[in-house]
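All remarks here apply to the structure that follows.
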Amino acid sequence: MTGICAAMILVLAHDIAAQSPGRELFADTTFERGFLLTAASHPAPKVELGVLRTTARASALPPTWRMAQWASRYLLEPGACRDIGKNRWLAETPGKRVVIIRTKPERTCVRLEVFGKTEYAGRMRAYGEPWPHLLIEQRFDKPIPPAPLKRLAFAVEMRIPYCKPLSEATLNPSLHTAHVTAFWTVHNMKPGNPDFQDMIWFGLPLFDARQEIPGPHYALDTGKADASHKFICTLDGRRFWDGPTGDGRWRSIETDLRQLLREGLAISQEHGHLKNTQFEDLAITTFNLGWEIPGPYDAAIEFRGLSLKAFD
């Protein structure tokens, strides 16, 4: 074999690898299996209420996604979403609304709305008071170690149709906001390591009512009775967004999570967490995305094209 032929084969192999579709790691990206609804609090006798079934093509398989409703006054109840026409299905309470929109056979848009003014009964949240959530969550059947992968591609398209507070005059930015972050729990999975089974929250910010583009956030998860007290490492949104994320326009993010997790570990160690952990010790265990509403805001997000792909 000549050197020219060998070189051509190498280039061709590289091109094929570059075009590889990757392995989708999220199960049920079209949400046909519905959502397992949570109760309002973790210590409740019955944390999971049952299944919210979505769309006319709802699967008989059990849900892989959970819809978290922590600290909510008005809970979505198990059952079927209501068909409202034009390939849209609806579930709602006075405090929240979920709309499933089937835009194409294999493409689903999810709209999550929280009515914070109703959830807080027209008052401001006090310090130490829990806040309503409306999140989708997935626990991976097998933890995902990023180190062996060539790339770990995360993608989502999203827009914020509206986000309105009860009263801007009485808002306290340290207590009151509405925000959306894509979060992963990332654990040390090396037995015998001093950090074994310890974890961080690693996040990419999508929206925060206090800022045109949400900035970085490094802090312990505190502020409510059932907080994890684990370190939160949310990167600077200005690295991913080229304009205000709350202006109602569709915006997209596509990034290599593998490299960002390496950076997140370094930041966590600078703040005194996972100090005995190497990048090779890490594995992703869960994911969530949706609203946290520590203030009386009415707010909506729509997202589609949610994907997490591994490239070996």
Under 5 Å, built H, 5+ apart or other chain: amide partners of LEU306 | GLU157
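With a ≥ b ≥ c the root eigenvalues of the C-alpha gyration tensor of the chain, is it rounded (a/c under 1.5), prolate (a/b larger than b/c) or oblate?
Numbers: a/c = 1.71, a/b = 1.35, b/c = 1.27.
The shape class here is prolate.
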Find the accessible area per residue for the stretch 158-238; the probe is 1.4 Å, ligands and nucleic acids are left out, and the unit is Å².
-> 45 Å²
Using Cα positions and a limit of under 19 Å, work out the lysines in reach of LYS190, with same-chain residues fewer than 8 apart set aside.
-> LYS142, LYS230, LYS275
Between THR255 and ASP221, what is the spin-label point distance in nm, taking each point 7 Å from the Cα along the Cα→C-beta axis?
-> 1.9 nm
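Apply the a/c threshold of 1.5 to the C-alpha gyration tensor of the stretch 249-312 and tell me whether it is rounded, prolate or oblate.
Details: a/c = 2.72, a/b = 1.49, b/c = 1.82.
Judged from the Cα gyration tensor, the stretch 249-312 comes out oblate (a/c at least 1.5, b/c at or above a/b).
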For the Cα atoms of the chain, what angle does the longest principal axis make with the long axis of helix 257-270, in degrees from 0 to 90, nearest 10?
-> 70 degrees
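Give me the number: length gained by fully extending LEU61 to THR103, i.e. 0.36 nm times residue separation minus the C-alpha to C-alpha distance, one decimal in nm. Before the final figure, lay out each step's value.
On the way: separation 42, 0.36 × 42 = 15.12 nm, distance 2.20 nm.
12.9 nm is the gain from fully extending LEU61 to THR103.
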Accessible area per residue, 1.4 Å probe, Å², for the stretch 257-312: what's the number?
-> 32 Å²
For the stretch 233-262, which chymotrypsin sites (Phe, Trp or Tyr not before Pro) are both in a DSSP coil and crowded by at most 13 other Cβ atoms within 10 Å?
-> TRP250
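Find the accessible area per residue for the stretch 24-153; the probe is 1.4 Å, ligands and nucleic acids are left out, and the unit is Å². Numbers along the way, then the final one.
On the way: 6240 Å² over 130 residues.
Each residue of the stretch 24-153 exposes 48 Å² on average to a 1.4 Å probe.
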Arranged from highest to lowest average of other beta-carbon atoms within 10 Å per residue, in what order do the peptides 67-78, 252-263 appear?
-> 67-78, 252-263
Relative contact order, percent, the chain [alpha-carbon distance under 8 Å, six or more residues apart] | 25 percent
Helix axis angle, 3-18 relative to the chain longest principal axis, alpha carbon, degrees | 10 degrees
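If R0 is 41 Å, what FRET efficiency do you get for ALA169 and ALA27 from their C-beta distance, rounded to 0.05? All intermediate terms of the calculation are to be shown ahead of the outcome.
Values: r = 45 Å, r/R0 = 1.10.
That pair, ALA169 with ALA27, gives E of 0.35.
Would you please classify the overall shape of the stretch 76-160 from the alpha carbon gyration tensor, given that a ≥ b ≥ c denote the square roots of the eigenvalues, rounded means a/c under 1.5, and beyond that prolate means a/b larger than b/c while oblate covers the rest?
Details: a/c = 2.37, a/b = 1.27, b/c = 1.88.
Oblate.
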Ordered by residue, what ³J(HN,Hα) values in Hz, to whole numbers, does the stretch 174-191 give under the Karplus form 6.51 cos²θ - 1.76 cosθ + 1.60, where θ = phi - 60° and Gly and Pro are x?
-> 7, 10, 10, 6, 9, 8, 10, 9, 7, 10, 10, 8, 10, 10, 7, 10, 9, x
Amide H partners (placed H, <5 Å) of GLY215, local residues excluded = GLY237
Counting only protein heavy atoms, what percent of the accessible surface of the chain is carbon or sulfur at a 1.4 Å probe?
-> 53 percent
Taking a point 7 angstrom from the Cα of GLU212 along the C-beta vector, which residues in the stretch 219-260 have backbone N less than 16 Å away?
-> 237-249
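The values are calculated or read from the model by the stated rules, or taken from the named source; none is laboratory data. All figures in this text were calculated on a predicted structure; none of them were measured in a lab. Because the Cβ atoms are built from the backbone with ideal geometry, glycine has one as well, and the counts that use them run over all protein chains shown. We work out accessible area using only protein heavy atoms, side chains counted, and drop any ligands, DNA or RNA first. Shrake-Rupley method; radii C 1.70, N 1.55, O 1.52, S 1.80 Å.
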